[in-house]
Amino acid sequence: MSNPDSFIDEVTEEVRRDKLYAIFRKWGWVGALAVIVIVGGAAVNEYLNAREAREAQATGDAILTAVESETTEARIAALEAVPATGDAVAVLDLIKAAETEDPATADALLAGVEGNTAFPALYRDLATMKRVTLANSPMAPDAKIEALVPLTRAGGPFRTLAEEQTALAELAMGDTEAALTRLQGLLQDAEASSDLRDRASQIIVALGGTPEFGAVGAPETTN
């Protein structure tokens with residue numbers, strides 16, 4: 001490379017460097033601001049997470065203290081005083097429903113959780129199961145069956161239990177044939193627990209039927 005070419009290259013490099021410095025001087029504050037925002041955002045996020053953890057722990061401690069009260073009235077009063085937000089409200093209402101001795105009050109609490117789409121599906125499904133299994137539930141059998149339909153779909157965490165409760169509601173409506181068919185299905189359901197299959201078998205026998213165990217539901221035999 002000739003000396004004139006080398007000189008031109010050096011001048012060009014200096015011009016580029018000067019332009020780069022000029023850009024940094026003009027826009028460098030943007031990068032600094034971005035760093036501040038990122039660092040500050042991380043700090044705020046950590047603070048919020050820590051605050052949420054403290055609030056969740058405080059709510060949990062308050063609930064535990066409340067349920068240790070000696071009488072039902074005292075427990076419910078203490079639970080009513082527990083501050084809760086978000087999903088903790090659902091948990092609190094589920095516990096209050098379990099504590100109350102009035103079926104109508106319990107049903108109203110559970111219905112509130114069941115119908116609130118802001119709560120996780122697991123809490124809403126659990127509220128439905130608790131509603132249909134309440135002693136002296138104010139729900140009619142056909143209303144129970146309708147409420148249980150979404151829970152009987154494949155993959156649901158309460159599917160087999162919902163099938164069992166649907167069969168019981170069908171019996172309450174006088175539809176013995178439908179109930180027997182459903183209970184026989186549970187005997188051969190791989191996801192049904194042994195306790196559930198035992199209950200289904202006992203009901204079938206009580207209704208005058210014969211339990212039809214599949215390979216999954218068949219009782220163990222010993223040699």
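Every number in this text was worked out from the coordinates using simple rules, so none of it is lab data. Quantities reported herein were computed from a predicted structural model and do not represent experimental measurements. Cβ coordinates were reconstructed from backbone atoms using ideal geometry, including for glycine residues, and neighbour counts include every protein chain displayed.
Worth a mention:
- Taking every C-alpha pair closer than 8 Å and separated by at least 6 residues, the mean separation divided by the residue count of segment 140-216 gives a relative contact order of 25 percent.
- Relative packing of peptides 132-141, 66-75 - highest average C-beta neighbours within 10 Å first: 132-141, 66-75
- Kirkwood Rh in Å, taken over segment 114-173 so that all alpha-carbon pairs contribute: 11.5
- Segment 66-135 - percent relative contact order, Cα under 8 Å, separation 6 or more: 24
- E191 versus Q57: modelled label distance in nm, points set 7 Å from Cα along the beta carbon direction: 3.7
- Every Cα-Cα pair of segment 105-223 was included, and the share exceeding 24 Å stands at 30 percent.
- Normalised size of segment 66-135, defined as Cα radius of gyration per 2.2 N^0.38 Å with N residues, equals 1.05.
- Additional length obtainable on full extension of the chain from A206 to E80, 0.36 nm per residue less Cα span: 41.1 nm
- If R0 is 35 Å, the Cβ-Cβ spacing of D142 and D198 corresponds to a FRET efficiency of close to 0.80.
- Gained length - R153 relative to T65, 0.36 nm times residue gap less alpha-carbon distance: 27.9 nm
- HN-Hα J in Hz across segment 111-122 - Karplus 6.51, -1.76, 1.60, θ = phi - 60°, x for Gly and Pro: 5, x, 5, 4, x, 9, 5, 6, 7, x, 4, 4
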